[in-house]
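Some notes on the structure that comes next.
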């Protein structure tokens, strides 16, 4: 079975529509620094925590019951299986990076259990098997059967790429073959309410080269947009990404995670088919998202209701939803758009989201998670060890475990580096020219990055290095020689040369803290600022300020001061100090509204206050009563007395 | 049956804890002007529209099926009966004001149908009778059985007060007696998930003087706050007003309509028992609401999720919920607090909410309704002819039909006038001294009000006239003589004298348009202003401004100019013109965030723009693409070039 597998399975796409291709899974190793430490906690703590939680919540038990190995009742919501698959995907990446007997045994046991639960005909979904055996495929809108199948496929592809073991892949292809015999133009019609299977089927096609899987992905994508799906609450078909056909879509709307998973899947389809109408629709949606519906953290989804995008410019910092899975979905989509286009803008959103919108979802401990990521909270909002709807925790695990994948790409000319972190990169150009380099940096705290060529042949190849769009200056030296006018192409430093082992490039990106202003049409944060340094959007925490954060107004004419805080994070962090004022509200008494009082505002006192801005709420372990990414500007017409 | 009914049934409360008592239903007739016109549309259009919609949606049919007069299936949600009862309550008030054969026949027919649907044991709820006959009282949290019963009781009390006919009242007391035999300390425990029956039982007690009804109201109130009720979505027991016992409550929280109906019911209980702990808890909650959680329109409920109050100062203008029923509930509560305390502040909130938070729920046509009342909309948000959850439309009808009740109160000293509108008021002081007066005014467009005594005896009595808290000046003349230092007591002009028929008081309240600023802790509208003139909060509409409302910034140093717009409303309205700027956003291109660009902001042009502010979005019939109650102030540090 699967004997026809070619040996190209480690690359995400070979099609000539892929401008910049993903490297093999094993190509990048994060060796040290910011993200390596996050990966280490993921490995040492989160994966085991996840395994325990899956046991506690009943996910594994559901499989045991379906496999007739245990008696009992199905536990949890209808999509419980998907959490197991996501955990398995994360574990597969980890096993590949760092073999570990205990984890290996847990993975093998889990795969054995999944195999035992699968029906003879290939069907596999413990909820429907145990709870609604006569209702399979009757509720594509809300049933999550195809969603769970998609996560199985992604886990199987990851497991196969990581281990070359086909056990899980065979379970996946049995189910996929069953789906191919069930769904199609002349068979059962319909599309899944929650996209996910689209990108999974394309991936399954890539490792198996079985055309029906790609066709089925295209079928599900083409079925969408007939406005037939039931909505949720106040939302209509847009909740399920079913309001307009994919090729006609101009906006991101409805459930944010569904939107991101669908656009990622459509991008995957484009990468294989090269259909321009798909890429054009994706570009339109991306522009709508980034220009009108994205938080400064990269977070997505303004509304609790339907976990959905809001209107254009509807971006409240307090009641924002910003589901962790939506940030992950955005990273997945932007990563695919980067491959499709070779345009820096997608790497920028990926970086912004990774550091800010995604990472806040995870506690420093690795054992607690945000599902919703507000940018402003006044009510002691805390991470939880797990959720009834536990999509986010194992999603975080699989992204962290596979993060090396996002660092660099390659094409026929050479290598492109998009994310900076201490790492080794080893790959083969044209499938036959081995190259290797190391990257050393204290990014994101410092802007200097050193790249050293470790291995190369003696023919020329191209190295592209992303210049972050936030960098105020970018100094470059090659083998100790400063380049005064370094070649930049579309936002990437570009070096075409015959490399020698030991060649060194030193980059230095300016890291001045910046005030960032939102577009004035963003009603909710008009006249407010955020503080950013490098890729990090900073966060004001009450624990540092000792006053109600809503009472602070910033003085943007006073300089921002980066300071080293060695007590935060194992390795310390750079905080930023700013100056501002605490407003005196005593004269408001219990009024919520009053006639505009002249046109001057008094301040209780004017003093330089050392606000400590701590990057992303994830990096502080102690409970935080209140935090805010945004701060108010001084009020207009200020005429204050000292 | 009910033979023991005393003849005091037309007053809401006789208890000596009622400081200012409601007048009999027939005491006040709105004769002309703003609210009389709204009542006329309610009478001529809305009530018939409501009757038709109840037929179309299946509400009447549910009763016919339950009464075995028709075959078929129950239609709609579980609380469909309550819409019929609210419509019936509205129709009863209207029959009283303006007898009408067609409406009378519809009412009689409906009551006959309700009687036929009632079970022999008194139980009455068509949903449970038809859909879940074996599950009565098994889901007090969400089942709405007691909620529907409460609306029946209110309709019955209104019908009896209006007609002296006891038919509906007898249906109500049969159900109430059944409830008394079912619920109680030594019987079935629990409280309704949706409060409503509490105030209804107190009212039923008032007309019947049956103590068990008051005891049952107290029982349901005391049962509450054990934290046992299931929440909804992200909300816990606070959704159902079950987080803390009523006497310990310090905040308004959870579902806004439930909160208002409960506080109204608790106030009714206080009015009968005088228990100080209840009044103190009510005062604490009221302060929390008015100082931290109320929109400038009086609207309540910041969140779609759970139709709920948000955190303190969480008052977004776009995604606010502000359900019409929450505004109505607030009017009902404030009206009871006014009776309990004789304090102007409650009349102020009542007036603010009536003109702004409530009235926006109704189209000028009387045939379309808002369920949700945003203060800012950019997406062509329109009123609907009815809703699947149709609580709001008949709630609007019953409030409008009974609006005369809210105009004035009386006590042993005399009469208090709270709301101004052309009207006649006839009542008896001490139950034996007939007095009558007329009120003539073009309020709210003009601030002048003329009161003429039409009938009085020759002993002294007191007349109190509310001075609105927004009035910049208040001139008073008595029989043509200006009073330079009119006596004001707790916000009311107070006249103690022996009145003569023909005595005239002329009031003139200053009506300068005002900029209103929100408390700076209100994150969502910081540095924004609203415009108010008299009791009216004005609304900016794109149809008048021709530019995106989010692009406008106001110049608060330029004067506001009231202008007469005769084409709006049948009688014309006063609009307000303001001056401001349209901001040039061209240099933002497709950016949503950017480094703070120096500290100056350029404007595309500076010109006097004639914004027409139209009071409450209800007063314009044509579709409105976008509207906003709030406008941005000039940006800070503005340094613009003309």
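Just one of (1) surrounded by 22 or more Cβ atoms within 10 Å (Cβ to Cβ); (2) within 14 Å of another protein chain (Cβ to nearest Cβ); (3) modelled with pLDDT of 95 or more fails for residue B:356. It is (3). Does residue B:312 satisfy the criteria of being more than 24 Å from residue B:151 (Cβ to Cβ) and more than 11 Å from chain A (Cβ to nearest Cβ)? Spelling it out, it is not the case that residue B:312 is more than 24 Å from residue B:151 (Cβ to Cβ) and more than 11 Å from chain A (Cβ to nearest Cβ). Checked against (1) within 14 Å of chain B (Cβ to nearest Cβ); (2) in contact with a helix residue (DSSP H, G or I) (Cβ under 7 Å, 6 or more places away or on another chain); (3) under 18 Å from residue A:227 (Cα atoms), residue A:249 passes all but condition (1). Does residue A:429 satisfy the condition of being at pLDDT below 95 and crowded, with 19+ Cβ neighbours inside 10 Å? Against the criterion (at pLDDT below 95 and crowded, with 19+ Cβ neighbours inside 10 Å), residue A:429 qualifies.
Among the residues of region A:290-299, those that are in contact (Cβ under 8 Å) with a residue 40 or more places away in the chain, closer than 24 Å to residue B:548 by Cα and either out of contact with any strand residue (DSSP E or B) (no Cβ under 9 Å at 6 or more places or on another chain) or more than 7 Å from every other protein chain (Cβ to nearest Cβ) (or both) comprise A:290, A:293, A:295.
Every residue in region B:239-277 that is without any contact (Cβ under 8 Å) to a residue 40 or more places away in the chain and more than 25 Å from residue A:593 (Cβ to Cβ), please. Of everything in region B:239-277, those that are without any contact (Cβ under 8 Å) to a residue 40 or more places away in the chain and more than 25 Å from residue A:593 (Cβ to Cβ) turn out to be B:243, B:244, B:245, B:246, B:247, B:248, B:275, B:276, B:277. Set side by side, the residues A:324, A:341 differ, and just one is at pLDDT 95 or above, on the phi < 0 side of the Ramachandran plot, more than 14 Å from chain B (Cβ to nearest Cβ) and crowded, with 24+ Cβ neighbours inside 10 Å, which is A:324. Within region B:551-570, the set of residues being modelled with pLDDT of 75 or more and under 25 Å from residue B:359 (Cβ atoms) comprises B:552, B:554, B:560, B:561, B:562, B:563, B:564, B:565, B:566. Among the conditions (1) over 14 Å from the mean Cα position of the chain (by Cα); (2) closer than 19 Å to residue A:321 by Cα; (3) at the interface with chain B (Cβ under 10 Å from one of its Cβ atoms), residue A:307 misses just one, which is (3). Of all residues in region A:383-393, how many are out of contact with any strand residue (DSSP E or B) (no Cβ under 6 Å at 6 or more places or on another chain) and within 17 Å of residue A:90 (Cα to Cα)? So the count comes out to 3.
The number of residues in region A:220-239 that are crowded, with 17+ Cβ neighbours inside 10 Å and more than 14 Å from every other protein chain (Cβ to nearest Cβ) comes to 7. Of the numbered criteria (1) out of contact with any helix residue (DSSP H, G or I) (no Cβ under 8 Å at 6 or more places or on another chain); (2) part of a helix (DSSP H, G or I), the one residue B:319 fails is (2). Within region B:365-389, the residues that satisfy the criterion of being outside any strand (DSSP E or B) and either under 16 Å from the mean Cα position of the chain (by Cα) or closer than 30 Å to residue A:521 by Cβ (or both) are B:368, B:370, B:371, B:373, B:374, B:375, B:378, B:379, B:380, B:381, B:382, B:383. If you go through region B:267-305 and keep only what is modelled with pLDDT under 95, assigned to a helix (DSSP H, G or I) and crowded, with 23+ Cβ neighbours inside 10 Å, you end up with nothing.
Name the residues in region A:94-108 that are in a helix (DSSP H, G or I) and either in contact with a helix residue (DSSP H, G or I) (Cβ under 9 Å, 6 or more places away or on another chain) or crowded, with 19+ Cβ neighbours inside 10 Å (or both), would you? Listed by number, the residues that qualify are A:94, A:95, A:96, A:97, A:102, A:103, A:104, A:106, A:107, A:108.
In the condition set (1) facing chain B (nearest Cβ under 9 Å); (2) surrounded by fewer than 23 Cβ atoms within 10 Å (Cβ to Cβ); (3) without any contact (Cβ under 8 Å) to a residue 12 or more places away in the chain; (4) out of contact with any helix residue (DSSP H, G or I) (no Cβ under 8 Å at 6 or more places or on another chain), residue A:514 is compliant with all but (3).
This table checks each residue for (1) buried (at least 23 other Cβ atoms within 10 Å of the Cβ); (2) farther than 21 Å from residue A:335 by Cβ.
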| position | (1), (2) |
| --- | --- |
| A:405 | no, no |
| A:409 | yes, no |
| A:414 | no, no |
| A:419 | yes, no |
| A:424 | no, no |
| A:434 | no, yes |
| A:440 | no, yes |
| A:446 | no, yes |
| A:459 | no, yes |
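Taking the condition surrounded by fewer than 18 Cβ atoms within 10 Å (Cβ to Cβ) and within 30 Å of residue B:585 (Cα to Cα), does residue A:469 pass? Against the criterion (surrounded by fewer than 18 Cβ atoms within 10 Å (Cβ to Cβ) and within 30 Å of residue B:585 (Cα to Cα)), residue A:469 qualifies. Within region B:579-592, residues that are farther than 11 Å from residue B:551 by Cβ and away from every other protein chain (no Cβ under 11 Å) have Cβ atoms under 8 Å from residues that are at pLDDT 75 or above and not in a loop (DSSP other than H, G, I, E, B) in these pairs: B:579/B:554, counting only partners at least 6 apart in sequence or on another chain. Do you know which residues across region A:161-183 are touching a residue at least 12 places away in the same chain (Cβ under 8 Å) and over 19 Å from residue A:124 (Cα atoms)? If the condition is that a residue be touching a residue at least 12 places away in the same chain (Cβ under 8 Å) and over 19 Å from residue A:124 (Cα atoms), then A:161, A:162, A:163 are the ones that fit. The residues on offer are A:421, A:412, and the sole one that is within 19 Å of residue A:466 (Cα to Cα), at pLDDT below 95 and part of a loop (DSSP other than H, G, I, E, B) is A:412. The set of residues from region B:365-382 being touching a strand residue (DSSP E or B) at 6+ places or on another chain (Cβ under 9 Å) and within 11 Å of another protein chain (Cβ to nearest Cβ) comprises B:371, B:372, B:374, B:375, B:376, B:377, B:378, B:381. When we screen B:347, B:340 for residues that are touching a strand residue (DSSP E or B) at 6+ places or on another chain (Cβ under 7 Å), more than 23 Å from residue B:84 (Cα to Cα) and part of a helix (DSSP H, G or I), the only hit is B:347.
The values are calculated or read from the model by the stated rules, or taken from the named source; none is laboratory data. Bear in mind the structure is a predicted one, so any value in this text is a computation, not a measurement. Neighbour counts are summed over all protein chains in view; Cβ atoms, including those assigned to glycine, are modelled from backbone coordinates with ideal geometry.
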